[in-house]
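The values are calculated or read from the model by the stated rules, or taken from the named source; none is laboratory data. Remember, it's a predicted structure, so these values are computed and weren't measured experimentally. Counting neighbours? That spans all protein chains shown, and the Cβs are built from the backbone with ideal geometry, glycine included. SASA here: full protein model, heavy atoms, side chains in, ligands and nucleic acids out. Shrake-Rupley method; radii C 1.70, N 1.55, O 1.52, S 1.80 Å.
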Amino acid sequence: MSRLAYGDGIRHAFEHLLERYANVFVIGQGLWSPWYVGNSMTDLDKRFGRERVIDTPVSELACTGAAVGASLCGYRPIVVHPRVDFMLYCMDAVVNQAAKWSHMLGGQAHPAVTIRGIVNRGGEQGAQHSQALHAWFAHVPGLRVVLPYSPRDARDLLVASVLCDDPVVYVDDRWLYGLEEDAAPIAERDLREIGPRVVRDGADVTLVGASYSTHLCLQAAEMLARSGVSAEVVDLRVIAPLDPSAVVASVRKTRRLVAVDGSWSTCGLAGEVIASVVERLEPGVLAAAPARVTLPAASAPTSKPLEDAYYPTVDDVAAAALGRVGARALAARGRQR
Amino acid sequence: MASEILRARYRLAELADPSRFREPLDIRGADPQRLLAQLRQMVLIRVAEEKIGDMVTAGAVRCPAHLGIGQEAVAVGISEHLRPTDRVFGAHRSHSHYFALGGDLDAILAEVLGKVTGCSRGMGGSMHLFDQPRGFYGSVPIVAGTVPLAVGAALAAKMDGNGDIAVAYFGDGAAEEGAVHESLNLASLFGWPVLFVVENNLFSSHLHVSLRQPAESVARFAQAHCIDAEVVDGNDVVAVSRAAKRLVDAARAGKGPGFLEAVTYRWRGHVGPREDIDVGVNRSVDLASWKKRDPVRRLADALVAAGAMRPDELDGVYGETRERVEAAWRRAEAAPYPADAELLRCVYAE
């Protein structure tokens, strides 16, 4: 069976959309020389023309706003921000305009725009080239926020985002571009029907992630299995609007929860996951206090040793899970065996 | 010294001097029937806004209402050259933009009252107006918020290839936002068909333009971005119309964006109905002077002088319009509010 890599999956989604939908176009910086978006956009301009794959001046706000405006006129634009950090310049177009036009105009306007932001960190890039700000967008009603983990999701959820009538912030992570899985044909899906799903069954603890943190959770689950701990992993996929039911069902079974996020804790995704679960569970279900694994409350450093200390690792996730399960429970389980 | 020379070059001079341009408009070459229709449209805008202002005072209108009384000629002169497939974007002071495209009177009055029969189904109020069938894509109160959107609507129009254009209305204050400069650059670079319209009423909230910018004329930014620009008396519907026609025709013909700076003055405060004092600034001396440069009266005087209108006809137009607005107001008052369930509807497309 052939394999599909995450970065290729994203490119296949662009090709699929540009080939089949005349009202799709792409706008953003670097699109005619996409060297800093991995292989995720290679040669799109050559294949589909520079009228539909538009490289732009360094104007995040006007370009994102222009995409919102075009989306009000029957187009389905995709705006590309090669680094999420630069999206702070376009917040008005996303938060005040795209997110609000449907509701504040009585459902008469639908900005069907997809805003792709890429998390691109590591390599000593530091404070302004490393951020993962998905929680900011997830806070705002009216936006759908998509964080794919698997290569097929990276492809199919990008297609679903663009075909959705709502504004979507789609965030992919360069640390996943080489990740592979078995290929399957592109499936056009309704984004409204896509939500968190269990990607590994387990019994002792639920690990929840999205995008790269799902990858950490799955690796941690492997590691935990070697210690006799059975971890279930839930991949969130769509963090806004968040449907916590799959996580709640999982925690009802495992009674333990670790929420992992590649951003900060305060008012963040990991905290939201925990709150969404806890408020839906009866008292006494949880066998241990839930835990968060996130970035420390500091900007990204540059120096390599500090960088290594900064980002959550598989070990961190596994340790948090072991902390939930507890030494006594582990020892007891050892005796049973 | 260079700065002094540049400042002088971008002075609005007599265009910003309310002791000038008080005489009847020069209407030679214009169609009197069309001018009469424009006069009626300006009177409708004025009377409707006066009513909204009165109802703010009375406590019936509770949303922020930014009135453009005194600025009616700008949108009316421009809209003459627009068609329903064009894409017009407004800002916080957009009643006139809506009306000038033929927007429904009942629907806007219901909207400022928060009624479900409003043009935004009671979800927008005065600051979020919508009438896409007539080309009004929307207005928002974030200063310069819609300018990039209009640029994108122009890109869409160019892709459609039907000769449609976009229009971005904004004020002199919005020209201080980076969004405008990015938008001018983008539209000019790619030649997208958008008409940037600055209603330069000399004030942004409480601050006069001289306290906010090193020069008065906002059209200097068009020059910096190589965009064809016109600067006109915004209280002269004939001058606005003539300049707009040239720029609109050029945009439709694929010659790229245009920039129209219409110098005008709002008679009421930044927000709300008061004339005497505006967010802490007393403008009563200037205002009395600017009222003598009334865009409605100057057009009426010209039509009377040309024999196209009886001397008492303007009073009649005002009278009929008031009756029409009162009747519409009663209907708006009788209309229902949105049901509570509307609060959570339409957050996403249904």
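Students often get this wrong: which residues of segment A:69-94 have the backbone nitrogen under 20 Å from the point 7 angstrom along Cα-to-C-beta of residue A:127?
Counting only backbone N, you get A:83-90.
Please compute the Cα-Cα pair-distance distribution of segment B:33-334 with 10 Å bins starting at 0, giving whole percents from short to long.
7, 29, 37, 23, 5, 0
If you take every DSSP beta bridge whose two residues both sit in the protein assembly as shown, what share of them, in percent to the nearest 5, is antiparallel? Spell out each step's value before the answer.
Working: 13 of 71 bridges.
Expressed as a percentage, antiparallel bridges in the protein assembly as shown total about 20.
So, in Å, what gap is there between the alpha-carbon centers of segment B:104-181 and segment B:261-284?
Between the Cα centre of segment B:104-181 and that of segment B:261-284, the gap is 22 Å.
Go ahead and set up a Gaussian network model of chain A, Cα springs under 10 Å, then flag whichever of A:63, A:164, A:267 fluctuates most.
Its mean-square fluctuation being the largest, the pick is A:267.
Could you tell me which of rounded, prolate or oblate describes chain A, using a ≥ b ≥ c as the square roots of the eigenvalues of the alpha-carbon gyration tensor, with rounded for a/c under 1.5 and, failing that, prolate when a/b is larger than b/c and oblate otherwise? Walk me through the numbers before you get to the answer.
On the way: a/c = 1.86, a/b = 1.71, b/c = 1.09.
Cα axes put chain A in the prolate bin.
Might you report the magnitude of the Cβ-based charge dipole of segment B:91-154 about its Cα centre, with Lys and Arg at +1 and Asp and Glu at -1, to the nearest 20 debye?
Details: 4 positive and 4 negative charges, 20 e Å.
Taking the Cα centre of segment B:91-154 as origin, the dipole is about 100 debye.
When a/c is below 1.5 the answer is rounded, else prolate if a/b is larger than b/c, else oblate, so apply that to segment A:3-190 with a ≥ b ≥ c taken from the square roots of the Cα gyration tensor eigenvalues.
Values: a/c = 1.38, a/b = 1.19, b/c = 1.16.
The shape class here is rounded.
Non-local amide H neighbours of residue B:166 (under 5 Å, H modeled in plane, Pro and chain starts lacking H): which ones?
The answer is B:87, B:194, B:195.
Per residue, what accessible area does segment A:197-336 have, given a 1.4 Å probe and all protein chains present, in Å²?
Working: 6110 Å² over 140 residues.
Value for segment A:197-336: 44 Å² per residue.
In whole percent, what relative contact order does chain B give with Cα contacts below 8 Å and a gap of six or more residues? Please report the intermediate quantities before stating the final value.
On the way: 701 pairs, mean separation 84.4, N = 350.
That works out to 24 percent.
From the cross-link list B:158/B:291; A:46/B:245; B:158/B:245; A:100/B:115, which pairs have alpha carbons spaced over 29 Å apart? Before the final figure, lay out the partial values.
Numbers: B:158/B:291 41 Å; A:46/B:245 38 Å; B:158/B:245 19 Å; A:100/B:115 19 Å.
Going by Cα-Cα distance, B:158/B:291; A:46/B:245 fall outside the 29 Å limit.
Which percentage, to the nearest 5, of the DSSP beta bridges contained in chain B is antiparallel?
Details: 5 of 29 bridges.
Of the beta bridges lying entirely in chain B, close to 15 percent run antiparallel.
Calculated FRET efficiency, residue A:51 and residue A:1, Cβ-Cβ r, R0 51 Å, to nearest 0.05? Can you show the working numbers first?
Details: r = 37 Å, r/R0 = 0.73.
FRET efficiency, residue A:51 to residue A:1: 0.85.
So, with +1 on the Cβ of K and R and -1 on the Cβ of D and E, and no other charges, what is the size of the charge dipole of the protein assembly as shown about its Cα centre, to the nearest 20 debye? Don't skip to the answer; put the middle values down first.
Details: 74 positive and 83 negative charges, 187 e Å.
Dipole magnitude for the protein assembly as shown comes out near 900 debye.
Using alpha carbon centroids, what distance separates segment B:12-83 and segment A:110-147, in Å?
What the calculation gives is 44 Å, centre to centre.
Want the number for residue A:266 to residue A:289: 0.36 nm per residue separation, take away the alpha-carbon distance, what's left?
Using 0.36 nm per residue and subtracting the Cα-Cα distance, I get 6.5 nm.
Where is the GNM fluctuation largest for chain A (alpha-carbon springs, 10 angstrom cutoff): A:203, A:93, A:259?
Of the options given, A:203 has the highest mean-square fluctuation.
Can you find, among B:197, B:282, B:94, the residue sitting farthest towards the positive end of the charge dipole of chain B, where Lys and Arg contribute +1 and Asp and Glu -1 at Cβ?
It is B:197.
How many Cβ atoms of partner chains, on average, are near each residue of B:152-165 if near means within 10 Å of its Cβ?
Values: counts 19, 8, 4, 11, 12, 2, 2, 9, 4, 0, 0, 0, 1, 0.
Mean inter-chain Cβ contacts per residue within 10 Å come to 5.
Considering protein heavy atoms only and a 1.4 Å probe radius, which residues within segment B:112-129 exhibit an accessible-area decrease of no less than 50 Å² in the full assembly relative to the chain by itself?
Buried on complex formation: B:121, B:123.
Among rounded, prolate and oblate, which fits segment A:197-336 when a ≥ b ≥ c are the square roots of the eigenvalues of its C-alpha gyration tensor, a/c under 1.5 means rounded, and a/b larger than b/c means prolate? Display every interim value, and only then the final one.
Values: a/c = 1.79, a/b = 1.21, b/c = 1.48.
Here segment A:197-336 falls in the oblate category.
Let me cross-check residue A:316: its accessible surface, 1.4 Å probe, with only protein heavy atoms counted, in Å² to the nearest 10?
Answer for residue A:316: close to 70 Å² accessible.
How charged is the neighbourhood of residue B:143? Take every other residue with its Cβ under 11 Å from the Cβ of residue B:143, and add Lys/Arg as +1 and Asp/Glu as -1.
Values: positive: B:93; negative: A:92, B:172, B:176, B:177.
Charge balance in the 11 Å sphere: -3.
Compute the length gained on full extension between residue B:116 and residue B:210: take 0.36 nm times their separation in residues and subtract their Cα-Cα distance, giving the result in nm to one decimal.
Details: separation 94, 0.36 × 94 = 33.84 nm, distance 4.21 nm.
Extra length from residue B:116 to residue B:210 when fully extended: 29.6 nm.
What does the charge count around residue A:132 come to, taking other residues whose C-beta lies under 12 Å from its C-beta (Lys +1, Arg +1, Asp -1, Glu -1)? It would help to have the intermediate numbers written out before the result.
Values: positive: A:83, A:121, A:174; negative: A:85, A:172, A:173, A:261.
Cβ neighbours under 12 Å give a net charge of -1.
Determine, from the Cβ-Cβ distance of residue A:282 and residue A:39 and an R0 of 35 Å, the FRET efficiency 1/(1 + (r/R0)^6), rounded to the nearest 0.05.
Approximately 0.15, to the nearest 0.05.
Mind putting a number on the dipole of chain A about its Cα centre? Charges go on the C-beta only, +1 for Lys and Arg and -1 for Asp and Glu, and I need it in Debye to the nearest 20. Don't skip to the answer; put the middle values down first.
Values: 34 positive and 37 negative charges, 173 e Å.
That gives a dipole near 820 debye.
Residue by residue, what Karplus-based ³J(HN,Hα) values in Hz, rounded to whole numbers, does segment A:320-326 have, using 6.51, -1.76 and 1.60 with θ = phi - 60° and x for Gly and Pro?
5, 5, 4, x, 5, 5, x
Counting only C-alpha contacts under 8 Å and six or more residues apart, can you give the relative contact order of segment A:3-190 as a whole percent?
This gives 27 percent for segment A:3-190.
Going Cα to Cα from residue B:292, which lysines come in below 25 Å? Please leave out same-chain ones fewer than 8 positions away.
Correct list for residue B:292: B:51.
How far apart, in nm, are two points set 7 Å out from the Cα along the Cα-to-Cβ line at residue B:333 and at residue A:190?
Distance between the two pseudo-spin positions: 4.5 nm.
Please give the net charge around residue A:61, taking every other residue with its beta carbon less than 11 angstrom from that of residue A:61, where Lys and Arg add +1 and Asp and Glu add -1.
Values: positive: none; negative: A:60, A:92, B:177, B:182.
Every neighbour counted, the sum reads -4.
Taking GluC sites (Glu not before Pro) that fall in a DSSP loop and have at most 16 other Cβ atoms within 10 Å as cut points, what is the longest piece of chain A between them? Spell out each step's value before the answer.
Details: sites that count: A:51, A:124, A:188, A:279.
The answer is A:189-278.
Calculate the spin-label point distance for residue A:249 paired with residue B:5, positioning each point 7 Å from the Cα along the beta-carbon direction, and give it in nanometres.
7.6
Could you work out the relative contact order of segment B:85-143? I mean the mean sequence separation of Cα pairs under 8 Å and 6+ apart, divided by the number of residues, in percent. Write down the numbers at each step before the final one.
On the way: 116 pairs, mean separation 24.2, N = 59.
For segment B:85-143, the relative contact order is 41 percent.
Using a 10 angstrom cutoff on alpha carbons, build the Gaussian network for chain A and name the most mobile of A:221, A:297, A:109.
Checking each option, the largest mean-square fluctuation is seen for A:297.
So for segment A:3-190: antiparallel DSSP bridges make up what percent, rounded to the nearest 5? Working shown, then result.
On the way: 3 of 26 bridges.
The antiparallel proportion sits near 10 percent.
Take A:201, A:55, A:315 and sort them by solvent-accessible surface of the protein heavy atoms, 1.4 Å probe, largest at the top. Show your work: numbers first, answer last.
Values: A:201 125, A:55 30, A:315 95 Å².
Solvent-accessible surface, decreasing: A:201, A:315, A:55.
Rounded to the nearest 0.05, what FRET efficiency do residue A:180 and residue B:318 have when you use their Cβ-Cβ distance and R0 = 60 Å? Can you show the working numbers first?
Working: r = 75 Å, r/R0 = 1.25.
Using R0 = 60 Å, I get an efficiency of 0.20.
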